[in-house]
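Heads up, the thing below is written out as structure tokens.
The values are calculated or read from the model by the stated rules, or taken from the named source; none is laboratory data. Remember, it's a predicted structure, so these values are computed and weren't measured experimentally. Cβ placement follows ideal geometry from the backbone for every residue including glycine, while neighbour counts extend to all protein chains displayed.
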Amino acid sequence: MTTFRVAGKLLAISDLHVAYPENRQFIEELRPESDADWLIVAGDVGEVVADVEWALALLRSRFSTVIWVPGNHELWTPKKDPVRLTGERRYQHLVEICRRLGVLTPEDPYPVWEGAGGPVTVAPLFLLYDYTFRPAGTSSKEEALAVAHRTGVVCADEYLLVPDPYPSADAWSRARVEHTRERLAACDPKLPTVLVNHFPLVRDPTYVLRYPEFAQWCGTENTADWHRRFRAAAVVYGHLHIPRTTWYDGVRFEEVSIGYPREWRRWNGPRNIPRQILPEPERHD
């Protein structure tokens, strides 16, 4: 276990989508409040490897510690990217870049936040989805996908995310869930955790989606009890582009995405970004 003794704040952000000039400018202007601040980056930095490396290098130069988990967009292999790696090889290539930059990933020992609100084990997770957040009236992946195609609500992953060497994204997800469950079970049982994943660990946040068919690309029922089982003080996620704080079983869930410019312009800029995770912000009910 790697332990860092720091003050400052534990902050989080996701869905940077730096291919958009407005988002890129936002990242260029992002600064920590103190030299001791940590930053969690919960996926979807960009689609092109060079963009991901640029953003993480910039953030690492400013924040004391940067922790990254992959989103689905980093796992795409778009035609415009000269890096043609797919699936597991693409993910491992990004992990190697992070290690060169000094950015922590799901493949590294989980760090312990020793600042205000700690000590807490910060666990970056790489989990995908397995089509178990199905539309009403469906009982299988095949039925869920059929509804999506019929309604025209199909995630671009179906065309751009190649899960090699796994036969499907859900097979890759099941392997990652099993591997990660074992790692979390081996954590210090005396410490609470901050669980970080690109996709929500419970289905509840997807119920507000404008297009409910999209939920099948948003997580897995296999993690529904992880916030309780693994002593979560908070759960950090993105992907939905609906930044907000919700509570499930008394555990705070933070959706920390920037999203696309067309989404955040209605608010005259990204809302409450980056989001403070620890120390826990004061509640205003």
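Worth a mention:
- Tally of residues being under 25 Å from Leu161 (Cα atoms), touching a residue at least 40 places away in the same chain (Cβ under 8 Å) and in a loop (DSSP other than H, G, I, E, B) across the range 217-269: 11
- Candidate set: the range 180-216, residues that are hydrophobic (A, V, I, L, M, F, W, C) and part of a helix (DSSP H, G or I); chosen: the one nearest to Gly117 (Cα to Cα): Leu184
- Residue within the range 1-11 that is surrounded by fewer than 21 Cβ atoms within 10 Å (Cβ to Cβ), touching a Phe, Trp or Tyr at 6+ places or on another chain (Cβ under 7 Å) and under 17 Å from Glu107 (Cβ atoms) present: yes
- Of the helices (runs of 4 or more DSSP H) lying entirely inside the range 4-116, those containing at least 2 residues that are among the small types (Gly, Ala, Ser) and over 26 Å from Trp267 (Cα atoms) span 49-60.
- Residue in the range 259-278 that is under 18 Å from the mean Cα position of the chain (by Cα), over 21 Å from Tyr110 (Cβ atoms) and at pLDDT 95 or above present: yes
- Annotation note: of Val251, Val256, the sole residue that is under 27 Å from Gly115 (Cα atoms), out of contact with any Gly (no Cβ under 7 Å at 6 or more places or on another chain) and crowded, with 16+ Cβ neighbours inside 10 Å is Val251.
- The combined condition, being crowded, with 17+ Cβ neighbours inside 10 Å and more than 24 Å from Val18 (Cα to Cα), is not fulfilled by Arg228.
- Between Ala57, Ala36, Ala42, Ala19, the distinction of being under 22 Å from Gly118 (Cα atoms), surrounded by fewer than 19 Cβ atoms within 10 Å (Cβ to Cβ) and either within 19 Å of the chain's Cα centre (by Cα) or touching a residue at least 60 places away in the same chain (Cβ under 8 Å) (or both) belongs to Ala36 only.
- Residue tally, condition hydroxyl-bearing (Ser, Thr, Tyr), loosely packed, with under 13 Cβ neighbours inside 10 Å and in a loop (DSSP other than H, G, I, E, B), over the range 117-167: 2
- Residue match in the range 200-207 (condition: within 16 Å of the chain's Cα centre (by Cα) and either hydroxyl-bearing (Ser, Thr, Tyr) or at positive phi (or both)): yes
- From the options Val66, Val52, Val95, residue that is among the β-branched types (Val, Ile, Thr) and surrounded by fewer than 21 Cβ atoms within 10 Å (Cβ to Cβ): Val95
- Apart from one condition, Gly219 fits all of (1) closer than 29 Å to Asp170 by Cα; (2) more than 14 Å from the chain's Cα centre (by Cα); the exception is (2).
- Evaluation of Leu104 against (1) closer than 17 Å to His73 by Cα; (2) among the aliphatic types (A, V, I, L, M); (3) touching a strand residue (DSSP E or B) at 6+ places or on another chain (Cβ under 6 Å) (one fails), failing number: (1)
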